[in-house]
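A short write-up of the structure that comes next.
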Amino acid sequence: MELLEIEIFKNYIKKLNIPLDVVETKTHTLEQLAFKYDLFLIDAFGTLYNQNYFVYPGALEMYKYLKKKGKALRLLTNAASQPVEKLLKDLWLMGFDFSREEIISSGNLLAIENKEWKIEEAYYLGHDAGISFLESASIAFSENPKDPVVIVSAVVFEKERREKALEILKMPGAKLIVLNPDPWAPRLDGTRQPVSGAFAHFLSKQTHCETYYLGKPFPSIFSSVLKTTPKSSKAIMIGDTLGTDVLGAYAAGIDSALILGRNMPRADITKDEQILGIRPTYYLII
Ligand SMILES: [Mg+2]
């Protein structure tokens, strides 16, 4: 992990405020997991796909195998830069036929949280398509929101937009809402790049504003799924990232399986686990 990435994940651990208990990680195949679990929460970006068209080796087979076995599947994604309808279509083109109800985006949590927050206007940083999450939460985009609120779902490079956000976030009582806490993500060429969570961390550190995170590793995305599934379900989270998928599953009280070599390089995993003080229940071989 990058130094800044470690700082961000440690901040998430602090915010979660849970005691960590380092487990002994076993290595399992998908067949072994299917024998033990009946509800599979699956990460999207980096686990099933990367950008709109790339399916990792074994990803589609994993999905089809679990479907064939009659497992309950839910896609838990922090990719709040695009509406769920678009994600559904992209996934369908790749061969994954999730239903609308099976996809839980961190962006959808905004409407739930805003019932309490009652935010009416906000400045938005992210791709244009992600603004649909503000609309579904009844939040209007504003260059000068009446309360100082900024919502971020992706890195924005335009200087004017960054400066505008910083200006709002420096106001007293300012609130930053992060729809995608992922700090780093894998590129198609195998390298990794800072994304929304790293950008939000920069904005938060620059301004010392109140910062709220929706999505993995924070509990609301997990509880929104576990509320709608039978209590008796044996659930597991499958993902590619220690500080979001694995940490989030741990905080939600469920097991996790980490796919190595995508967002978490195999050579670094032991060191990364020691640094964060967390380990997955399983390494998944697919
Ligand atoms: Mg991922």
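The values are calculated or read from the model by the stated rules, or taken from the named source; none is laboratory data. Values in this document were obtained by computation on a predicted structure and should not be read as measured data. Backbone-built Cβ (ideal geometry, glycine too); neighbour counts: all protein chains shown.
Here are the numbers for the structure shown:
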{"read-out": "Residue that is farthest from Lys234 (Cα to Cα), among those in region 21-53 that are surrounded by 11 or more Cβ atoms within 10 Å (Cβ to Cβ) and at pLDDT below 90", "value": "Asn52"}
{"read-out": "Conditions (1) of a type in the set (S, T, N, Q); (2) within 16 Å of the ligand (Cβ to nearest atom); (3) over 30 Å from Lys159 (Cα atoms); number of the one not met by Ser99", "value": "(2)"}
{"read-out": "Subset of region 250-259 [farther than 20 Å from Asp189 by Cα and assigned to a loop (DSSP other than H, G, I, E, B)]", "value": "Gly253, Ile254"}
{"read-out": "Lone qualifier among Val246, Val225, Val150, Val156 - being in a strand (DSSP E or B) and surrounded by 14 or more Cβ atoms within 10 Å (Cβ to Cβ)", "value": "Val150"}
{"read-out": "Matching residues in region 260-286 - criterion: being of a type in the set (A, V, I, L, M, F, W, C), outside any helix (DSSP H, G or I) and more than 23 Å from Tyr213 (Cβ to Cβ)", "value": "Leu260, Leu284, Ile285, Ile286"}
{"read-out": "Meets criteria (surrounded by fewer than 21 Cβ atoms within 10 Å (Cβ to Cβ) and at negative phi) for Pro145", "value": "no"}
{"read-out": "Residue count, region 221-237 (criterion: in contact with a Phe, Trp or Tyr (Cβ under 6 Å, 6 or more places away or on another chain) and within 16 Å of the ligand (Cβ to nearest atom))", "value": "1"}
{"read-out": "The listed residue being among the hydroxyl-bearing types (Ser, Thr, Tyr), more than 18 Å from Ile131 (Cβ to Cβ) and modelled with pLDDT under 90, out of Tyr63, Tyr56", "value": "Tyr56"}
{"read-out": "Any hit, region 184-204, residues being more than 16 Å from the ligand (Cβ to nearest atom), touching a Phe, Trp or Tyr at 6+ places or on another chain (Cβ under 6 Å) and either in a loop (DSSP other than H, G, I, E, B) or more than 23 Å from Glu101 (Cα to Cα) (or both)", "value": "no"}
{"read-out": "Filtered residues of region 253-275 (kept if within 16 Å of the ligand (Cβ to nearest atom), aliphatic (A, V, I, L, M), under 19 Å from the mean Cα position of the chain (by Cα) and surrounded by fewer than 24 Cβ atoms within 10 Å (Cβ to Cβ))", "value": "Leu260"}
{"read-out": "Pair list, Cβ < 8 Å and 6+ apart or interchain, from region 133-150 residues that are free of Cβ contacts under 8 Å to residues at least 60 places away in the same chain to residues that are assigned to a helix (DSSP H, G or I) and of a type in the set (S, T, N, Q)", "value": "Phe133/Asn108; Ser136/Asn108; Ala137/Asn114; Ser138/Asn114; Ile139/Asn114"}
{"read-out": "Helices (runs of 4 or more DSSP H) fully within region 30-111 counting 2 or more residues that are farther than 19 Å from Ile286 by Cβ, touching a residue at least 24 places away in the same chain (Cβ under 8 Å) and under 19 Å from the mean Cα position of the chain (by Cα)", "value": "84-94"}
